Amino acid sequence: GGLPGYFPPIKGKRPEILFDLFDPFGFGFRDDSEEKKARGRQAEINNGRLAQLGILSILAEAKVPGSVPAITGLIPEYAGDPMAPFGADFTFF
């Protein structure tokens, strides 16, 4: 835990980092008001949630055709296990 969306400035602490990685060209994102930063964080959270919903709807439609009416027929049926897409044998040794 720290503050979500806060990136400490790391410019100049390492020789291979020439720019501040959060705002490399100095557009002034660090100078935004707290309200604008909070709105941006909330928008980022909502975009992530929408992306997760989209991926899960594609997985659901691939496994159970017709389960997502908006994309019925667009996604080919997947006969494998959606939780082990590349094969169920994940052995390391």
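Residue-by-condition table, conditions (1) among the basic types (Lys, Arg); (2) part of a loop (DSSP other than H, G, I, E, B); (3) at pLDDT 85 or above:
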site	(1), (2), (3)
ILE10	no, yes, no
GLY26	no, yes, no
LYS37	yes, no, no
ALA43	no, no, yes
ASN46	no, no, yes
GLN52	no, no, yes
LEU56	no, no, yes
ALA62	no, no, yes
PRO65	no, yes, yes
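For the structure I just gave you, tell me whether PRO82 is surrounded by 10 or more Cβ atoms within 10 Å (Cβ to Cβ), touching a helix residue (DSSP H, G or I) at 6+ places or on another chain (Cβ under 9 Å) and not aliphatic (A, V, I, L, M).
Considered against the rule, which asks whether it is surrounded by 10 or more Cβ atoms within 10 Å (Cβ to Cβ), touching a helix residue (DSSP H, G or I) at 6+ places or on another chain (Cβ under 9 Å) and not aliphatic (A, V, I, L, M), PRO82 comes out as yes.
The values are calculated or read from the model by the stated rules, or taken from the named source; none is laboratory data. This structure is a prediction, so every number in the text was calculated from the model and none was measured. When we count neighbours, we look across all protein chains shown, and the Cβ atoms used for this are built from the backbone with ideal geometry, even at glycine.
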